Each structure stands twice: as C-alpha cells, then as structure tokens.
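J.: Structure below; questions to follow.
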Amino acid sequence: MLEDTGERVIPENMKITNELLIEHVARYHFALPFIKGRVLDFASGSGFGTHIIAKKKKKEITEIIGVDIDDSTLEYAKHHYYHPKSSFYQADVTDTTLPEQFGQFDTIVSFETIEHVEAEEQFLSNIYNLLKPGGKLVLSTPFGKGRDVPCGSPFHVHQLTPAEFASLFSDYSSVTHYVQKGALIEPRDHATLEYHPLGIVVCEK
C-alpha cells in the first residue's frame with residue numbers, strides 16, 4: 001500500500017466526501033475540454049488523474065505520460081491505473097534534459113506542483129519547452145502569502161499570491177485565469193468577491 005504523506009491523493013484510501021479528493025478530481029475533469037494529442041501529466045502522483053484523462057479522452061489523445069519523482073508512487077500508478085494509452089516515468093520536474101528525453105506535447109497538465117518546487121523558473125521553463133507551439137497548458141496552485149513567505153504546509157516551499165501567479169505566464173500567446181473553491185471552478189473575472197483558495201491557469205503557447 002502506498003504511504004499517505006498527508007498531501008498525496010490516493011482515491012482508494014479516501015472517503016468520497018474528502019475535500020482534497022473532490023478538488024483534485026474536479027481539476028482533472030475541468031481540464032478535459034482542453035486536452036488532445038500527446039499529453040503530459042507533470043507530477044502525476046498516484047496516477048488517478050492520468051487515468052481519468054486516458055479513459056475520458058481515449059479518442060482524442062495519442063498517448064498520455066505521467067511523470068513523477070517518487071518511485072513508490074509510480075509503482076502504485078502502474079499497478080492501479082493501467083491503460084493502453086498511458087505510461088509512467090520517474091523524473092524530476094526541474095531536470096533540464098526533460099525536453100530531450102520526452103520530446104514535446106500537445107497538452108500539459110500540472111496540478112498542485114509549483115508550490116513544492118524550489119527551482120520554480122526551471123520548472124516553468126521545462127513546461128514551456130515541453131509544449132508544442134499552439135499547445136495548451138493547464139496548471140493549478142493554492143494561493144497564499146507569497147513567494148519567500150513561510151506557509152502553513154510543511155510540504156510547500158511557499159504559496160504564491162494571485163498576482164504572483166498571474167505574472168508567471170507572459171510568454172504564452174493566450175492566458176485565461178480561473179479560481180477554485182471545492183468542486184466549483186469559474187473564470188477569475190466572473191468570480192464573486194468571495195475568497196477562492198486555489199488558482200488555475202489555461203495557457204496556449
């Protein structure tokens with residue numbers, strides 16, 4: 001059994017009412033309309049989201065690759081979430097050789113990853129270089145007090161403010177921001193004044 005670190009989402013070990021599970025599943029379903037071709041799930045964790053994409057978009061994708069740094073997590077994904085169009089590989093999301101190793105993708109999803117990464121610029125550079133021209137990126141993060149400010153989670157380097165998050169994607173040809181609270185995801189510009197703890201961006205290269 002895969003060890004639960006407190007941040008890792010393992011649906012088989014969680015109640016259907018678990019808020020963390022609900023949020024993560026909602027993000028993958030939100031991303032589905034943007035997904036096609038060759039797909040990368042960057043920091044794929046236990047693999048359930050990779051499997052959602054493989055099952056739901058099997059007619060629109062050629063393959064989906066899940067990349068994660070943790071070997072035990074990858075073994076769990078391979079054992080529990082087999083699909084003929086998916087595969088899982090061990091790699092560090094900040095490894096500068098990733099574009100050479102994996103080539104380019106039509107779609108990249110990376111959910112709740114950037115807040116764990118010290119080398120943020122290299123992580124974002126890898127994503128840009130891994131994405132084909134015209135390709136789509138769907139990326140999410142929890143909001144917090146900002147870069148270099150300690151946050152409540154021992155697993156996070158920091159949590160970006162909405163403004164810091166919005167500033168990261170200027171190299172893309174189009175950028176649309178969304179906010180999330182629980183299962184609800186809506187365009188940032190249409191959101192109510194109520195605080196939303198999570199941000200999602202959809203970018204086209």
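J.: Going by what's in this entry, would His158 be described as at pLDDT below 90, surrounded by 16 or more Cβ atoms within 10 Å (Cβ to Cβ) and of a type outside the set (S, T, N, Q)?
T.: Yes.
J.: Test each condition in (1) in contact with a helix residue (DSSP H, G or I) (Cβ under 8 Å, 6 or more places away or on another chain); (2) hydrophobic (A, V, I, L, M, F, W, C); (3) farther than 27 Å from Ser46 by Cβ for Val149 and report the one that comes out false.
T.: Condition not satisfied by Val149: (1).
J.: Something else: Does any residue of the range 22-33 turn out to be over 14 Å from the mean Cα position of the chain (by Cα), aliphatic (A, V, I, L, M), assigned to a helix (DSSP H, G or I) and surrounded by fewer than 18 Cβ atoms within 10 Å (Cβ to Cβ)? Outline the logic, then answer.
T.: We begin by selecting, within the range 22-33, every residue over 14 Å from the mean Cα position of the chain (by Cα); these are 22, 33.
From what's left, aliphatic (A, V, I, L, M): 22.
If we keep only those that are assigned to a helix (DSSP H, G or I) as well, we get 22.
With surrounded by fewer than 18 Cβ atoms within 10 Å (Cβ to Cβ) added as a condition, the list becomes 22.
Yes, because at least one residue in the range 22-33 is over 14 Å from the mean Cα position of the chain (by Cα), aliphatic (A, V, I, L, M), assigned to a helix (DSSP H, G or I) and surrounded by fewer than 18 Cβ atoms within 10 Å (Cβ to Cβ).
J.: Only residues that are assigned to a helix (DSSP H, G or I) and more than 17 Å from the chain's Cα centre (by Cα): list them for the range 79-102, please. Outline the logic, then answer.
T.: From the range 79-102, those assigned to a helix (DSSP H, G or I) are 79-80, 98-102; that's our starting set.
Matches in the range 79-102: His79, His80, Pro99, Glu100, Gln101, Phe102.
J.: On to the next question. Residues that are among the small types (Gly, Ala, Ser) and in contact with a helix residue (DSSP H, G or I) (Cβ under 7 Å, 6 or more places away or on another chain): does the range 11-31 have at least one?
T.: Let us first name the residues in the range 11-31 that are among the small types (Gly, Ala, Ser), namely 26, 31.
Next, only the ones that are in contact with a helix residue (DSSP H, G or I) (Cβ under 7 Å, 6 or more places away or on another chain) stay: none.
No, the range 11-31 has no match at all.
J.: Right, here's the next one. Every residue in the range 99-116 that is at pLDDT 95 or above and crowded, with 21+ Cβ neighbours inside 10 Å, please.
T.: Across the range 99-116, the qualifying residues are Phe105, Thr107, Ile108, Val109, Ser110, Phe111.
J.: When you go through Lys132, Lys145 one by one, which is the residue that is touching a strand residue (DSSP E or B) at 6+ places or on another chain (Cβ under 8 Å), at pLDDT 95 or above and of a type in the set (Lys, Arg)?
T.: After ruling out the rest, the residue left standing is Lys132.
J.: While we're looking at this one, here's another question. Of the residues that sit in the range 55-77 and are acidic (Asp, Glu) and more than 16 Å from the chain's Cα centre (by Cα), which one is surrounded by the fewest Cβ atoms within 10 Å (Cβ to Cβ)? Quick ask: steps written out before the conclusion?
T.: Step one: list which residues in the range 55-77 are acidic (Asp, Glu), which gives 60, 63, 68, 70-71, 75.
Next, from what is left, pick out any that are more than 16 Å from the chain's Cα centre (by Cα): 60, 63, 71, 75.
On the way: Glu60: 15, Glu63: 15, Asp71: 9, Glu75: 14.
Ranking the candidates gives Asp71 first.
J.: Test Val109 against the criterion of being β-branched (Val, Ile, Thr) and in contact with a Cys (Cβ under 8 Å, 6 or more places away or on another chain), and give yes or no. Steps first, please.
T.: Details: β-branched (Val, Ile, Thr): yes; in contact with a Cys (Cβ under 8 Å, 6 or more places away or on another chain): no.
Taking the combined requirement at face value, the residue does not satisfy it.
J.: Scan (1) at pLDDT below 95; (2) more than 21 Å from Tyr28 (Cα to Cα); (3) not acidic (Asp, Glu) for the single condition Thr94 breaks and write down its number.
T.: (1)
J.: Another question, if that's okay. So in the range 161-173, with the set limited to residues that are touching a helix residue (DSSP H, G or I) at 6+ places or on another chain (Cβ under 9 Å) and within 12 Å of Val201 (Cβ to Cβ), which one is surrounded by the most Cβ atoms within 10 Å (Cβ to Cβ)?
T.: First, pick out the residues of the range 161-173 that are touching a helix residue (DSSP H, G or I) at 6+ places or on another chain (Cβ under 9 Å): 162, 165-166, 168-169, 171-172.
Adding the requirement that they be within 12 Å of Val201 (Cβ to Cβ) leaves 162, 165-166, 168-169, 172.
Details: Pro162: 16, Phe165: 24, Ala166: 15, Leu168: 18, Phe169: 19, Tyr172: 17.
Taking the candidates together, the pick is Phe165.
J.: Taking Tyr76 and the conditions (1) in contact with a Leu (Cβ under 6 Å, 6 or more places away or on another chain); (2) outside any helix (DSSP H, G or I); (3) modelled with pLDDT under 95, which numbered condition does it fall short on, given that it satisfies the others?
T.: Evaluating Tyr76 over (1) in contact with a Leu (Cβ under 6 Å, 6 or more places away or on another chain); (2) outside any helix (DSSP H, G or I); (3) modelled with pLDDT under 95 leaves (2) as the failure.
J.: All but one of (1) buried (at least 20 other Cβ atoms within 10 Å of the Cβ); (2) more than 22 Å from Gly45 (Cα to Cα); (3) touching a helix residue (DSSP H, G or I) at 6+ places or on another chain (Cβ under 8 Å) hold for Gly135; which doesn't?
T.: (3)
The values are calculated or read from the model by the stated rules, or taken from the named source; none is laboratory data. Fair warning: this is a prediction, and the values are worked out from it, not measured in the lab. For neighbour counting, all protein chains shown are included, and Cβ atoms are generated from backbone atoms with ideal geometry for every residue, glycine included.
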